[in-house]
Amino acid sequence: MTGQDPPPPPTAAASRGGPDTSGEAADPAARAEEGAVGTIDGRARDPKQRSRTFAGILVNTALANITTSYLWFALTFWVYLETRNVIATGVIGGAYMLLMALSSISFGTFVDRFRKLTVMRFAATFTLVMFLLSGALFLLTPTAWLLDLTQPWFWVFSLIILVGAVVENMRNIALSTAVTILIEPDRRANANGLVGMVQGLMFIVTSVLSGLSVGLVGMGWTVVVAVVLTALSFAHLLTLRMPEEAQPVPTDAHGAFDLRGSLAAVLAIQGLFALIIFSTFNNFIGGVYMALMDPYGLELFSVEMWGTLFAVGATGFIVGGALIGKFGLGANPLRTLLLAVIAMGAIGAVFTLREWAWLYIAGIWLYLTLIPFVEAAEQTVIQQTVPLERQGRVFGFALAFESAAAPITAFLIAPIAQFWIIPYARSSEGAARLAPLLGEGTSRGIALVFLIAGIIMILAAVAAFFTPVYRQVSATYARTAAASAGPAGPDR
């Protein structure tokens, strides 16, 4: 991939995941460069050709993400509108993240063991089958049964859709490792910014389509549209080729759930585990917004209007990703990450202080503008410091930890908000006490939760600046970045 002669293969100990006593392999930059080359033939095509392949994979992933999120969003909208129960939406969102947490290490293991396009095609096939099953269940089951939370049909229908959406996320782990294979080290931060733009496009399109679908044609036709789009994505994926990876890079990954190898890969990089822990805490707070953002918006707007306005807010994803694609993340991506989290906490604390539609949408826009900076920073640090043969498991391990945090919050905050905070805020006493700070309106209880969550997020990010981990990860990234830019790094 560098245009240089491939370095000697890793020692036997290193290939087994054990310590490597050679001075060169002990250096994170050297290990990252070894992993990046391995059996990857970066000289099969020039960087422009590889970039075009990356663009094709990115477009295909965008279509796949749009499809799965479209159906997942629609399920959330449909269930809330039919039941007016935030517990139901909290359970759906929490179940999605819980499934992500339980499966991500397996996803990462498979990404390390198999070719990246093979993994993507398998995920697309599985998702298509699950969406077909959901359509059959919707057709054969009375709607009243599907919406009865005390009956198994609601949970089976929701689980089928969520499992299909979760497995599709295997493609996102494969995409992160494809960045390492196809993109030169000094351009990976920019490429990760483009990935953030794809996420933004997903939110924009799915918000509009999901709201319009549920409001105008109903849930049944929404499932049909999702099946058709999934089939189109799969067909396009079959046309893509990545000759740089004729076979997977030799890896010590084994089985279907290599937790030990995943943990060893994370611990091999100083401070990386703590970085994942911090991102996990950030997602723990993010679970609050996951559980309550849609109910707040659906109290302010009709489902069609909410989907459209959320899409307007989600253009912030595009702006944030475009800024990273143009300017990168600076010399220290971790510093950029923490600054973005501080700003996100401040926005989350104030964007519902008054029940004003413009304030809510503007706050969502600013909040989503910053998310690509957080995601791209973590991805760039991992791509720069972790050898390719272990990146799938590291990304999977990080996704598992981070995904596990949000459902805990969602499962906790949804019933607390439903049974205590929201009723208190709507009572005469609660409304009087909260009015000076949060104004008047029917959703003051949700606003109070957002305010507290934002303050906690700010305090956590500020404290992280003063930890040894911040200095360790920053120093490791600086060393590997300098090595990649040096004589042994990629050709310019």
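The values are calculated or read from the model by the stated rules, or taken from the named source; none is laboratory data. What you see is a predicted model, and the numbers here were worked out from it, not measured in a lab. Glycine also receives a Cβ, built like all others from the backbone with ideal geometry; neighbour counts cover every protein chain displayed. These accessible areas exclude ligands, DNA and RNA; they are computed on the full protein's heavy atoms, side chains included. Shrake-Rupley method; radii C 1.70, N 1.55, O 1.52, S 1.80 Å.
What accessible area per residue, rounded to a whole number of Å², is obtained for the chain using a probe radius of 1.4 Å?
Working: 19290 Å² over 492 residues.
Value returned for the chain: 39 Å² of accessible area per residue.
If you wrap the chain's Cα atoms in a convex hull and average its projection over all directions, what's the area in nm²? Can you show the working numbers first?
Details: hull surface 87.6 nm².
Reported value for the Cα convex hull: 21.9 nm².
Along segment 334-344, what does the Karplus equation 6.51 cos²θ - 1.76 cosθ + 1.60 (θ = phi - 60°) give for ³J(HN,Hα), rounded to whole Hz, x for Gly and Pro?
5, 4, 4, 4, 5, 4, 5, 5, 4, 5, 4
Mind putting together the pair-distance distribution for segment 92-177? All Cα pairs, 5 Å bins, whole percent per bin, short to long.
Result returned by the calculation: 3, 15, 22, 20, 16, 11, 7, 5, 2.
As a check on your grasp of the helix formula, calculate [θ] at 222 nm for the chain: sum -39500 (n - 2.57) over DSSP H runs of n ≥ 4, divide by the residue count, round to the nearest 500.
Working: 21 runs with 381 residues, N = 492.
It lands at -26500 deg cm²/dmol.
Report the net charge of residues surrounding residue 170, where surrounding means a beta-carbon distance below 11 angstrom and charges are Lys +1, Arg +1, Asp -1, Glu -1. Walk me through the intermediate numbers first.
Working: positive: 116, 121, 171; negative: 168.
Net local charge, residue 170 excluded: +2.
If you plug each phi of segment 361-377 into the Karplus form 6.51 cos²θ - 1.76 cosθ + 1.60 with θ = phi - 60°, what whole-Hz ³J(HN,Hα) values come out, in order, with x for Gly and Pro?
5, 4, x, 4, 4, 5, 4, 6, 4, 8, 4, x, 5, 5, 5, 5, 5
Hey, what's the per residue convex hull volume over the C-alpha atoms of segment 313-466, in cubic angstrom? Please report the intermediate quantities before stating the final value.
Numbers: hull volume 19.2 nm³, N = 154.
It is 124 Å³ per residue.
Taking 0.36 nm per residue of sequence separation and subtracting the Cα-Cα distance, how much length would be gained by fully extending the chain between residue 85 and residue 155, in nm to one decimal? Numbers along the way, then the final one.
Details: separation 70, 0.36 × 70 = 25.20 nm, distance 1.49 nm.
Going from the current span to full extension adds 23.7 nm.
Within the accessible area of the chain, what % is carbon and sulfur when the probe is 1.4 Å and the other protein chains stay in place?
Details: 13500 of 19290 Å².
C and S fraction of accessible area: 70 percent.
Farthest toward the dipole's positive end in the chain, which of 164, 80, 388, given Cβ charges of +1 (Lys, Arg) and -1 (Asp, Glu) about the Cα centre?
The Cα lying farthest towards the positive end belongs to 388.
Step through the residues of segment 460-474 one at a time and calculate ³J(HN,Hα) from phi using the Karplus curve (6.51 cos²θ - 1.76 cosθ + 1.60, θ = phi - 60°), rounding each to whole Hz and writing x for Gly and Pro.
Whole-Hz 3J(HN,Hα) from phi for segment 460-474: 5, 5, 5, 4, 5, 4, 9, 8, x, 4, 4, 5, 5, 5, 4.
Quick one: if you stick a label point 7 Å off each Cα along the C-beta vector at residue 424 and residue 235, how many nm between them?
Simple spin-label model gives 5.5 nm for this pair.
Relative contact order for the chain using alpha-carbon pairs under 8 Å, separation at least 6, rounded to a whole percent? Mind showing how you got there, number by number?
Numbers: 849 pairs, mean separation 134.3, N = 492.
The value is 27 percent.
Please work out the FRET efficiency for the pair residue 102 and residue 482, using the Cβ-Cβ distance as r and a Förster radius of 35 Å; give the result to the nearest 0.05. Numbers along the way, then the final one.
On the way: r = 38 Å, r/R0 = 1.10.
In this case the efficiency is close to 0.35.
Would any residue of segment 52-69 have its amide N under 12 Å from a label point 7 Å out along Cα→Cβ of residue 217? List them or say none.
Nothing falls inside the zone, counting backbone N under 12 Å.
What translational D, rounded to a whole number of µm²/s, comes out for segment 184-299 from Stokes-Einstein when the hydrodynamic radius is the Kirkwood one over Cα pairs, at 20 °C and 1.002 mPa s?
Numbers: Rh = 19.2 Å.
For the chosen part, D equals 112 µm²/s.
Which FRET efficiency, nearest 0.05, do residue 140 and residue 356 yield, Cβ-Cβ r, R0 45 Å?
Numbers: r = 45 Å, r/R0 = 0.99.
Rounded to the nearest 0.05, the efficiency is 0.50.
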